[in-house]
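What follows is calculated from the coordinates using simple rules that are stated; it is not laboratory data. Worth saying up front: this structure is predicted, and the values here are computed from it rather than measured. In this analysis, Cβ positions are derived from the backbone assuming ideal geometry, glycine residues included, and neighbour counts consider all displayed protein chains.
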Amino acid sequence: MKRRDEVSVGILITVAVVVLLVGVLWLARGGLSSGYPLFTRFAWGQNLKQGQPVLLAGVNIGYVDDVTLRPDGYLDVVMRINNEYRVPRTAKSTVRAVGFFGDVAVALTPRLGGDLTVAFAPGDTVPAGPPEPGVAEIMGHADSISLSLNKITQAMQVEMVDAGGLRDLRRTIASTSALATQLQQIAAEQNANLTQTLSAYRRVANSIDSTVIDSTVRNLRASSQSVSAAAEKFNTAAGQLDDIFAKLNSGQGTAGMLLTDTLLYRNLRNTAATLDSLLADIKKNPGRYISVHIF
């Protein structure tokens, strides 16, 4: 009798556990929520299952009610949206990974800047957006990045360690440091020379007597005035010469007549010729003109 009771209790417990599990799964898949349907379509290989969440801007607004595998390479997905939520017509549906164990969700993402007041009606189809990278794709990129880093590390080891690149780099750094030191020394020397030059210039400037400079300036002014007076006298003389030349050209005065009267010129030439012949005759026959009587 006791054994029969134990078996009955075990069966009841098992049935209760099964019912509890089924109820939990049913509740997790929205068994008590009514909601309204929205449809979308994805390509194969999205790892979608019934009961997975539907997210709107990161908020859980429903669940995946049904997934139908089509022979043309697509999945028809029925989403059950809670009645208190409305999905904007600018939204796109994508499959988003929500964990590292293959769990996914349908993400509804509205377009930024679009009208959020106009929503899908029950039974409408939400267009699918570009697929987001999954965990496998991300891990694949991580593997490729790791492989590239390994190659770079190996190449750096070959070039920098095995080929003596680090030694050459140390030498270059040492040479650069020495060059910088030399440049600093040169700059310091040039600075010192410039300081000495400025000091000498100040000493020379301070040693110059201001009275000497003033007297020099006065002498220059006096010389300039003298030059100005001489220039005025030269201008006056030039004006007088212009007047004389004008009179000569017009035939005024004796010199002007000599320059302009051709008859007078001829007479002068004849007189000069007569004098030349007279002088020649005196030289030839001096007794004709000079008589000397001695007592």
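As an exercise, use a Förster radius of 45 Å and the Cβ-Cβ distance of THR153 and ARG202 to find the FRET efficiency, rounded to the nearest 0.05.
For THR153 and ARG202, the calculated efficiency is 0.10.
What residues qualify as long-range amide H neighbours of LEU56, i.e. H under 5 Å apart, gap of 5 or more or another chain, H built at 1.01 Å from N?
ILE61, LEU108
Taking H as built 1.01 Å from N, whose amide H comes closer than 5 Å to the amide H of VAL98, not counting residues under 5 places away?
ASP103, VAL104, ALA105
Convert each backbone phi in the range 189-195 into a coupling constant with the Karplus relation 6.51 cos²θ - 1.76 cosθ + 1.60 (shift: θ = phi - 60°), then list the ³J(HN,Hα) values in order as whole Hz, x for Gly and Pro.
Result, ordered by residue: 5, 4, 5, 5, 4, 5, 5 Hz.
For the range 164-208, what does the convex hull of the Cα positions come to per residue, in cubic angstrom?
25
For THR40, THR117, which order do you get if you count the other beta carbons within 10 Å of each Cβ and list the fewest first?
Taking fewest neighbouring Cβ atoms as first place, the list is THR117, THR40.
Taking amide H positions as placed 1.01 Å from N in the peptide plane, with prolines and chain starts having none, which residues 5 or more places from THR125, or on another chain, fall under 5 Å of its amide H?
Residues meeting the amide H criterion: PHE39.
With a Förster radius of 35 Å, plug the Cβ-Cβ distance of LYS283 and ILE244 into 1/(1 + (r/R0)^6) and report the FRET value to the nearest 0.05.
0.30
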